[in-house]
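Here is the structure we will look at, set down as structure tokens.
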Amino acid sequence: MLEVKGLTKRFGGNVAVKSVDYSVQQGKINAIIGPNGAGKSTFFNLITGVHEPTEGTIIYKNEEITRQPANVIAKLGVARTFQSTHLFEMSTVKDNVIVGHRLRTKSNLFDSIFRTRRLKEEEQQCIAKAEESLDFVGLSHVSDQLVTNISQEEKKRVAFALALATDPEIVFLDEPTAGVNPDETDEMAKLIQKMADKGLTICLIEHKMPMIMQLAHHIMVLNYGEKIAEGTPAEIQKNEEVIKAYLGGTVSA
Amino acid sequence: MNVLTNKKVIISLLIVLGIVFPFIIPNLYYLHIMTLAFIWTIAVYGLNLLAGYTGYLSLAHGGFFAIGAYVIGILTVKLEMGFWLSFLLAPLVTMFIGLIIGLFALRTKEHFFAIYTLCVGYIIYLVIDKWEGLTGGVRGLIGIPLPEAIGPITFQSPTAQYYLAFFIFLLVVAVIYRIVHSLTGRTFIAIRNSEDLALSLGISTKRNKLLAFVLSTFFAGLAGAMYAGFIRFIGPEIAYTTITFDLLTYMIVGGIGTFAGPIVGTFLIVIISQNLQFLQDYRMLIFGPLLTLLIIFSPRGIVGFIQMQLYQRKRKKQESLAYKNREEETNAGG
Ligand SMILES: Nc1ncnc2c1ncn2[C@@H]1O[C@H](COP(=O)(O)OP(=O)(O)O)[C@@H](O)[C@H]1O
Ligand SMILES: [Mg+2]
């Protein structure tokens, strides 16, 4: 479904991602792990169009999307969350999520000024989508709260809801449980599982090994920008090089 | 519901106040000040759309205001075109110039954008000041005609001019309301909040930033044209950066990125400065510290402060209600 070949990103002299070949398994939970600074976030940023790759190609549904801007890639059905949330704190949870469906609407300035039927319909559509997404992530009860007043874990869920509101086929989640306590981590894992059960393809960066081993169908390991292993959780756990990278490199919780 | 009806009552009252003002205070000087305040508010609304809602602080706004004023001035005085046609063309020409400048300015972000537009504003001033053949240079343009009568309505009297400005003001407020409270407005807010996030949500930040920029120059040009039509004399000082900073002050005091902010800030400061006129330039000794305090304690101005208070009151009410309900439940259970 999504495939990258020879993907490379250099920041000046620093090679953040080095010639990675990878293909995402459709409808599965794909995990990417690796020590801090291994290039995981950069890898996501390349695929989702935040950064332009230095070399390599990205193919999504048989179409090359290598140098497409992020907003075009989003429209193709590729959604993402960021390692740190970028929500608008002084606005309500629902207001934050409504704009998530904007990319599926066509209303322009003219529609807004004259409040055309199209605008009214599309606004309803966006609101309905926001409610549906918030319901899916289990946040209906806080939808009228200001984001600044909800917990860190709830903010992560809002970010999920935003991604879901774009009507994606594949979702990239960058460390969704960073800064979330163990109990809540289990709940987040359940939510990710629920998304996969719905038929979404998931691509996940995570540090919490037990969670990954339990959730993921397929794991890729990055170290210093290079893919050093991939396979099922059982295979990865036994892999010599992975053990070495984690014990030798900076182990991060 | 309560708040909504309240809002409607407040708005209706303000409109009625606007209509009866010339009758309650039949003082030509106050009428003049009020008319100017309407004009400034329109310009501030343009600035707020860009700086407040989209997050791009333009310091060329006074320059675009002057372009609107000079376009109508040049068309009517030099080319002897009719008032209304010139009045229509002024914001459109301003918007077109805004489009071209925006294409370049929006390659920058944050403080670089502010600095870039500050330079643009100063260049606009220099062009107006030095291009004597077109703009009259330091002497400016004198004798901008009155608006031609529309049917039985004439615009000779200050009262008629007041009502004209008030009418356009209401129209602008309504249009801004719709823009801000629509998918377009939500798109702008998403960009202000985080461009990376907006992009990842499929929003073309480039196109929408340009739209906000061009719209802001439209309202600046409109306000400039109204100013020229009202004062009927314009000089290069209206392009000077002090105008930009006045508009900025009105916006920040009222509340950047709030809907009512431009009205509250502009009218408040215009009225206060009239009453402090005797202090002349020393007014700034009072305004400066007040502005600094306001920015520290309420970054979203007076309106933002009130909104926050209202929200917190509502939240406390809800919490105590939920608490009461829980208590009743446990009481009923026990
Ligand atoms: N925008 C950027 N500019 C320069 N260097 C970057 C940028 N983003 C990431 N890097 C560098 O790329 C490397 C990989 O970073 P990152 O992808 O964030 O790692 P991870 O997410 O695996 O912890 C790091 O050395 C980091 O400093
Ligand atoms: Mg990272």
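Taking the stated definitions as given, is B:Thr217 at the interface with chain A (Cβ under 9 Å from one of its Cβ atoms) and at pLDDT 95 or above?
no
Would you mind telling me which numbered condition in (1) of a type outside the set (A, V, I, L, M, F, W, C); (2) more than 13 Å from the chain's Cα centre (by Cα); (3) away from ligand 2 (no atom under 16 Å from the Cβ); (4) more than 20 Å from A:Gln26 (Cα to Cα) A:Arg157 fails?
(2)
Residues in the range A:24-32: is at least one in a strand (DSSP E or B), surrounded by fewer than 24 Cβ atoms within 10 Å (Cβ to Cβ), of a type in the set (Gly, Ala, Ser) and more than 15 Å from ligand 2 (Cβ to nearest atom)?
Within the range A:24-32 (the criterion being in a strand (DSSP E or B), surrounded by fewer than 24 Cβ atoms within 10 Å (Cβ to Cβ), of a type in the set (Gly, Ala, Ser) and more than 15 Å from ligand 2 (Cβ to nearest atom)), the answer is no, since none of the residues qualifies.
Which of the residues belonging to the range A:69-84 are within 16 Å of ligand 1 (Cβ to nearest atom) and under 22 Å from A:Ile192 (Cβ atoms)?
If the condition is that a residue be within 16 Å of ligand 1 (Cβ to nearest atom) and under 22 Å from A:Ile192 (Cβ atoms), then A:Arg80, A:Thr81, A:Phe82, A:Gln83, A:Ser84 are the ones that fit.
Can you go through A:Leu164, A:Leu109, A:Leu204, A:Leu134 and tell me which one is within 9 Å of chain B (Cβ to nearest Cβ) and hydrophobic (A, V, I, L, M, F, W, C)?
A:Leu109
For every residue, the table says whether it meets (1) over 22 Å from the mean Cα position of the chain (by Cα); (2) modelled with pLDDT under 95; (3) surrounded by fewer than 19 Cβ atoms within 10 Å (Cβ to Cβ).
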{"site": "A:Val93", "(1), (2), (3)": "no, no, no"}
{"site": "A:Glu123", "(1), (2), (3)": "yes, no, no"}
{"site": "A:Glu131", "(1), (2), (3)": "no, no, yes"}
{"site": "A:Val142", "(1), (2), (3)": "yes, no, no"}
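Quick one: how many residues across the range A:34-68 are away from ligand 1 (no atom under 16 Å from the Cβ) and within 14 Å of chain B (Cβ to nearest Cβ)?
Counting residues in the range A:34-68 that are away from ligand 1 (no atom under 16 Å from the Cβ) and within 14 Å of chain B (Cβ to nearest Cβ) gives 2.
Spot the failing condition for A:Lys9; the list is (1) in contact (Cβ under 8 Å) with a residue 24 or more places away in the chain; (2) assigned by TED's automatic domain parsing to the domain that holds A:Ala196; (3) charged (D, E, K, R); (4) away from ligand 1 (no atom under 14 Å from the Cβ), and only one is missed.
Unmet condition: (4).
Please pick out the residue among A:Thr57, A:Thr48, A:Thr42 that is under 21 Å from B:Glu195 (Cα atoms), among the polar types (S, T, N, Q) and more than 12 Å from ligand 2 (Cβ to nearest atom).
Of A:Thr57, A:Thr48, A:Thr42, the one residue that is under 21 Å from B:Glu195 (Cα atoms), among the polar types (S, T, N, Q) and more than 12 Å from ligand 2 (Cβ to nearest atom) is A:Thr48.
As an exercise: evaluate B:Leu118 against (1) at pLDDT 95 or above; (2) closer than 28 Å to B:Leu164 by Cα; (3) not aromatic (Phe, Trp, Tyr) and give the number of the one condition it does not meet.
(2)
Looking only at helices (runs of 4 or more DSSP H) that lie completely in the range B:158-207, which have at least 1 residues being more than 11 Å from chain A (Cβ to nearest Cβ)?
Output list reads B:158-180.
If A:Asp174 satisfies every condition in (1) away from chain B (no Cβ under 14 Å); (2) crowded, with 19+ Cβ neighbours inside 10 Å but one, which is the exception?
All conditions pass for A:Asp174, except number (1).
Scan (1) hydroxyl-bearing (Ser, Thr, Tyr); (2) under 28 Å from A:Val15 (Cβ atoms); (3) in contact with a helix residue (DSSP H, G or I) (Cβ under 7 Å, 6 or more places away or on another chain); (4) more than 16 Å from ligand 1 (Cβ to nearest atom) for the single condition A:Ser91 breaks and write down its number.
Going through the list (1) hydroxyl-bearing (Ser, Thr, Tyr); (2) under 28 Å from A:Val15 (Cβ atoms); (3) in contact with a helix residue (DSSP H, G or I) (Cβ under 7 Å, 6 or more places away or on another chain); (4) more than 16 Å from ligand 1 (Cβ to nearest atom), A:Ser91 breaks only (2).
The values are calculated or read from the model by the stated rules, or taken from the named source; none is laboratory data. Being a predicted model, the structure only gives us computed values, none of them experimental. Neighbour counts are summed over all protein chains in view; Cβ atoms, including those assigned to glycine, are modelled from backbone coordinates with ideal geometry.
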